[in-house]
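Q: My structure is below; once you've seen it, I'll send some questions.
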Amino acid sequence: MAFDVARIRGLYPGLGAGGVRLDGSAGMLVPEEVASAVCTAMRTPVSAPGGAFPASRRADGFLAEARAAVADLVGARPETVVLGPNTAVLLTRLADALAGTWTLGDDVVLSRLDEQGTQAPWLRAARRAGADVRWGEIDIETCELPAWQYEELIGPRTKAVAVTAASGAVGTRPDVDTVVGIARRAGVLSVVDATHAAPFVPLDLDRLGADVLAVSARAWGGPELSALVFRDAETLERVPSVALDPAASGPRRLELGPHPIPQLAGLVTSVEHLARLDDAAAGSRRERLLTSLGSAKSYHAGLLAQLSTELRAMRRIMVLGDATRRIPALAFTVADRTATEVARRLAEHDVCVFAEQGADGLFASLGVGEVGGALRVGLAHYTTPTEITALIHALETLP
């Protein structure tokens, strides 16, 4: 395997602006080839799909290629890939469509580990339907999400289980396989948010067994497009349609309005970019993705170990959690300093991290609001050991 981070860094023009980019959890920088693909598509004559003339057939081709690229990324079939502007919008469509059949006393199971943006659609849908919400709680010491609790959480009135494949805040990768298995045995729809896992972990929807998987291209440096991928076409057809066209079938049943064709071109190229992270990868796009993401996973494990070890060795730093399985992201607090103060000081050293106040969501569950908030660090495919060292040196300058 050949994960050459120096070669990879040369693919990102945004790195030319300088600074240490440890804000990967908000989305990676855009590779040059993705930006070029979008620009080229914008200069190409395209029309609405469905026509017999070349510009329309070209639009059909872009759409088909985008579905196929996402399918290759997650190990699914193109005919089950629903495309949309972002994960929150797509999950809102799905939750609203499903909630039309819920009644008073039904419930949905959510997780405290999930991002607020993926919790909100289910919370609103449950509130409108009069359904209850049950919560999968985290272990505040390790930030693990124990899977055993779902045996009790999922009951005869449960309509859906939504859980994250990885936390972009603290890096935890919960035992989604077990959670999905419990839901499947109970006949409950399982929806897995793989937004933060997809850039770092090889995914296989068939093996995972989830009914729906959500991914966002922005997370790996693609355009502002997301997808809901269904494990099988039958499950997709059972979801009530929200399309404007009453005759819509397949993925179009959960899609509204025209797709941005240039963005679709960028989506395809961004998946190809992931497939070429390891320049020794060979075979089909799916095979190259598995090889490249496997190499990236190994590389980032080393970076995360370096980051975690050096932070834990600092007297005033407390790293939040210590999950067994992780993506390259973590959060920490600094004694006697607010997160905002620390983030501003790091910015003076050209180190980019986010400050979380801990007023709500996962960080509220961890109680970090009481100690001034937490700093979020998210690594990317272009992160180097030198940048980890730069963060540590900047923290050492804190008064």
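The values are calculated or read from the model by the stated rules, or taken from the named source; none is laboratory data. Not measured: the values here are computed from a predicted model. Backbone-built Cβ (ideal geometry, glycine too); neighbour counts: all protein chains shown. Surface areas here come from the heavy atoms of the whole protein model, side chains and all, with no ligands, DNA or RNA. Shrake-Rupley method; radii C 1.70, N 1.55, O 1.52, S 1.80 Å.
Q: Can you give me the C-alpha center-to-center distance between region 148-176 and region 325-380, rounded to a whole angstrom?
A: Distance between centres, Cα-based: 24 Å.
Q: Rounded, prolate or oblate for the chain? Axes are the square roots of the Cα gyration tensor eigenvalues, ordered a ≥ b ≥ c, and the cut-off for rounded is a/c under 1.5. Display every interim value, and only then the final one.
A: Values: a/c = 1.87, a/b = 1.17, b/c = 1.60.
Cα axes put the chain in the oblate bin.
Q: Once phi is turned into ³J(HN,Hα) by the Karplus curve 6.51 cos²θ - 1.76 cosθ + 1.60 with θ = phi - 60°, what whole-Hz value does each residue of region 226-236 show in order, with x for glycine and proline?
A: 9, 8, 9, 10, 8, 5, 8, 5, 5, 5, 4
Q: Separate question: Picking from T235, P246, A210, whose Cα lies most toward the positive end of the charge dipole for region 172-251 (charges on Cβ: Lys, Arg +1; Asp, Glu -1)?
A: My answer, from the dipole projection, is A210.
Q: Using DSSP to call loops (not H, G, I, E or B), can you name the chymotrypsin sites (Phe, Trp or Tyr not before Pro) in region 120-184 whose Cβ has at most 16 other Cβ atoms within 10 angstrom?
A: Working: sites: W122, W135, W148, Y150; in loops: none.
For chymotrypsin sites (Phe, Trp or Tyr not before Pro) across region 120-184 that sit outside H, G, I, E and B with at most 16 neighbouring Cβ atoms in 10 Å, the list is empty.
Q: Write out the trypsin sites (Lys or Arg not before Pro) in region 134-179 meeting two conditions: DSSP loop, and at most 16 other Cβ atoms within 10 Å of their Cβ.
A: Numbers: sites: R134, R157, K159; in loops: R157.
Qualifying residues, ordered by number: R157.
Q: Could you go through region 287-296 in sequence order and give the Karplus-derived ³J(HN,Hα) for each residue, using 6.51 cos²θ - 1.76 cosθ + 1.60 with θ = phi - 60°, rounded to whole Hz, and x for Gly and Pro?
A: Working through the residues one at a time gives 5, 5, 5, 4, 5, 5, 5, x, 5, 4 Hz.
Q: Turning to a different aspect of this structure: Find which of P31, F62, G75 sits farthest along the positive direction of the dipole of region 22-101, computed with +1 on the beta-carbon of Lys and Arg, -1 on that of Asp and Glu, about the Cα centre.
A: The residue sitting most towards the positive pole is F62.
Q: Turning to a different aspect of this structure: Amide H neighbours of L189 under 5 Å, counting only residues 5+ apart in sequence or on other chains, H built in-plane at 1.01 Å?
A: Those qualifying (amide H under 5 Å, at least 5 residues apart or on another chain) are V161.
Q: Could you tell me the distance between the Cα centroids of region 210-237 and region 29-88, to the nearest Å?
A: 14 Å
Q: Using alpha carbons only, how many angstrom separate the centre of region 89-132 from the centre of region 287-303?
A: 34 Å
Q: If you don't mind, there's one more thing I want to ask. Output the relative contact order of region 297-399, whole-number percent, from Cα pairs under 8 angstrom with separation of 6+ residues.
A: Values: 139 pairs, mean separation 28.9, N = 103.
Normalised by residue count, the contact order of region 297-399 is 28 percent.
Q: Between R43 and A313, with labels modelled 7 Å along Cα→Cβ, what's the label distance in nm to one decimal, could you check?
A: 5.0 nm
Q: Can you list residues whose amide H is under 5 Å from F354's amide H, if they're 5+ apart or on another chain and H is modeled 1.01 Å from N?
A: Close amide H contacts, sequence-distant or interchain: R376.
Q: I need the shape label for region 170-326. Rule: rounded when a/c is under 1.5, else prolate if a/b > b/c, else oblate, with a, b, c from the alpha carbon gyration tensor. Walk me through the intermediate numbers first.
A: Working: a/c = 2.04, a/b = 1.50, b/c = 1.37.
Prolate, since a/c reaches 1.5 and a/b exceeds b/c.
Q: Related question: So who's got an amide H within less than 5 Å of the one on G221, skipping anything under 5 residues away but keeping other chains? H placed 1.01 Å off N, in plane.
A: Sorted by chain and number, the residues that satisfy this are M28.
Q: Once you put a point 7 Å from the Cα of A233 and another 7 Å from the Cα of E33, both along the Cβ direction, what distance in nm separates them?
A: So the two model labels end up 3.1 nm from each other.
Q: Report relative contact order for region 94-196 in percent, whole number only (criteria: Cα-Cα under 8 Å, sequence separation at least 6). Could you put the intermediate results ahead of the total?
A: Working: 180 pairs, mean separation 28.6, N = 103.
Once normalised by length, the contact order is 28 percent.
Q: For the chain, what does the accessible surface come to per residue with a 1.4 Å probe? Please give it in Å². Mind dumping the intermediate values first?
A: Details: 16080 Å² over 399 residues.
For the chain, the solvent-accessible area averages 40 Å² per residue.
Q: Please report the relative contact order for the chain, taking Cα pairs under 8 Å with a sequence separation of at least 6, and give it as a percent rounded to a whole number. Don't skip to the answer; put the middle values down first.
A: Working: 828 pairs, mean separation 91.4, N = 399.
About 23 percent, as a whole number.
Q: Taking loop as defined by DSSP and a crowding limit of 14 other beta carbons within 10 Å, which trypsin sites (Lys or Arg not before Pro) in region 228-323 fit?
A: The qualifying sites are R315, R316.
Q: Name all residues of region 361-398 having a backbone nitrogen under 12 Å from the label point set 7 Å from the Cα of A26 along its Cα→Cβ direction, giving them as ranges.
A: The answer is 376-378, whose backbone nitrogens lie closer than 12 Å to the label point.
Q: Here's something else I'd like to know. So what J values fall out for region 263-277 if you push phi through Karplus, 6.51 cos²θ - 1.76 cosθ + 1.60 with θ = phi - 60°, rounded to Hz, Gly and Pro as x?
A: Running phi through 6.51 cos²θ - 1.76 cosθ + 1.60 with θ = phi - 60° gives 5, 4, 4, x, 4, 4, 5, 5, 5, 4, 4, 4, 5, 9, 4 Hz.
Q: Return the calculated 222 nm mean residue ellipticity for the chain, to the nearest 500 deg cm²/dmol, obtained by summing -39500 (n - 2.57) across DSSP H runs with n ≥ 4 and dividing by the residue count. Don't skip to the answer; put the middle values down first.
A: Values: 14 runs with 159 residues, N = 399.
Value at 222 nm, helices only, nearest 500: -12000 deg cm²/dmol.
Q: Let me ask another. Quote to one decimal, in nm, the extra length available between T340 and W135 on full extension: 0.36 nm per residue of separation minus the C-alpha distance between them.
A: On the way: separation 205, 0.36 × 205 = 73.80 nm, distance 2.95 nm.
Roughly 70.9 nm would be gained on extension.
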